[in-house]
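For reference, the structure is listed below as structure tokens.
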Amino acid sequence: MEFTELVDLASERFGGRVLAANDDFFAPKENLLKSAAPIFLADKFTDRGKWMDGWETRRRRTPGYDWCVIQLGLAGRIRGVVVDTSFFKGNFPARASLEACAAHGTPPIETLLAPAVRWTEILPETTLIGGTRNRFHITAPDRFTHLRFKIFPDGGVARLRVHGDVLPDWDATERAGAELDLAAVEYGGIILASSDMFFSAPSNLILPGASLGMFDGWETRRRRGPGHDWAIVRLGARGNIRRVVVETTHFKGNFPESCSLDACRAAHDVPVNQLDWKDILPRSPLEADARREFQTDLHAAADVTHVRFNIYPDGGVARLRVFGQRTKHSA
């Protein structure tokens, strides 16, 4: 799997925030983590200069570099970053680097910048290309919560994407005593494969919060032959499934006629074509723009690691929630 297919741990949608920057004279630091792709408006200017959809610092006339500190929305292991300089062609930084640290809770910026905090360099000072999605693989194995992004000596970056594996703080999560959505991206759930993603990605199924529109769900093309569509989710933790929720919000003339769910227990590295499935939810009808909860119809689903969500024959689903309890010996 390409690292860009993994979760963007820094996304504002998951609570990622730019906590501080030494300078954002031309364009605000918050733009770095916007979920939407950057845009360019040729005729738009502000009282400080050309409007740019990114983070842009003033021209540096002294030695040094510019920086910002980022709180990840989801703590985890970073597998790769994209430093997107789209539309920054005469004003992009010459180089960039990235440091990371692991902190408890939500410390103030003063604490994060104190000498006692140990920052680990995960991307050494590296040359950038303007107007490009600069991709860098990261090999640091640790779990991180915050980043310090440096640009040399100054300039503009449209977006920073930080892809990796979600590693929840299970002790803090389970102290709350709440039922968990084992498939949720915030607990490490990930889509491994699907039959079709023509209109929108199946990864939208396990995003937090309500769907924002048809674009924010999983929609397949119209099936003209036999068969049905499906998506495979590796749960964030091995667990016992108690109930399942399927939402077709915003899908009115294109929702699936019905759905079913299979489950299995397997190691993380088992190929999806070798998973041994067991039916846990028989084929059940769905409705347009609605929320359906399945509990009494569920068959026993204990200590499972993967689910396969089947839709018949095709169509769009906004969200899939797989609620249950994490098995105590889960990693």
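Throughout, read-outs are computed from the coordinates displayed, never taken from laboratory work. Predicted model, so just to flag it, every value in this text is computed and none were measured. Neighbour counts run over all protein chains shown; Cβ positions are idealised from the backbone, glycine included.
Using a Förster distance of 45 Å, how high is the FRET efficiency between Glu287 and Ile39, based on the Cβ-Cβ distance and rounded to 0.05? Working from the Cβ atoms, E equals 0.80. Near the amide H of Ile280, within less than 5 Å, lie the amide hydrogens of Leu261, Asp262, Ala263, all on another chain or at least 5 residues away, with H placed in the peptide plane. Working note: Karplus 6.51/-1.76/1.60 with θ = phi - 60° gives region 18-33 the couplings 8, 7, 6, 8, 6, 6, 8, 4, 8, 8, x, 4, 4, 4, 3, 9 Hz, where Gly and Pro are set to x. Per residue, the chain reaches -500 deg cm²/dmol at 222 nm when only DSSP H runs of four or more residues are counted, each adding -39500 (n - 2.57).
Max-minus-min Cα coordinates of region 173-326 on each principal axis give 42, 33, 27 Å, with the largest extent listed first. With a simple spin-label model that places each label point 7 Å from the Cα along the Cα-to-Cβ direction, the separation between Phe136 and Asp196 comes to 4.1 nm. Note on Ser258 and Val270: the extension gain reaches 1.5 nm, defined as 0.36 nm multiplied by sequence separation minus the Cα-Cα distance. In terms of packing, defined here as the mean over residues of other Cβ atoms within 10 angstrom, the peptides 50-57, 248-255 line up highest first as 50-57, 248-255. Simple spin-label estimate for His104 and Glu2 gives 4.0 nm between the two label positions (7 Å along the Cα-to-Cβ direction from each Cα). Packing, as the average of other Cβ atoms within 10 Å across residues, places the peptides 97-106, 25-34 in the order 25-34, 97-106, highest first.
The HN-Hα couplings worked out from phi for region 298-311 by the Karplus form 6.51 cos²θ - 1.76 cosθ + 1.60 (θ = phi - 60°) are 6, 7, 3, 9, 9, 6, 9, 10, 9, 10, 10, 9, 10, 10 Hz, whole numbers, x standing for Gly and Pro. Annotation: extensible slack from Asp171 through Thr46 equals 40.3 nm (criterion: 0.36 nm per residue apart, minus Cα-Cα distance). Taking label points 7 Å from Cα along the Cα-to-Cβ direction, Phe215 and Glu125 give a separation of 4.0 nm.
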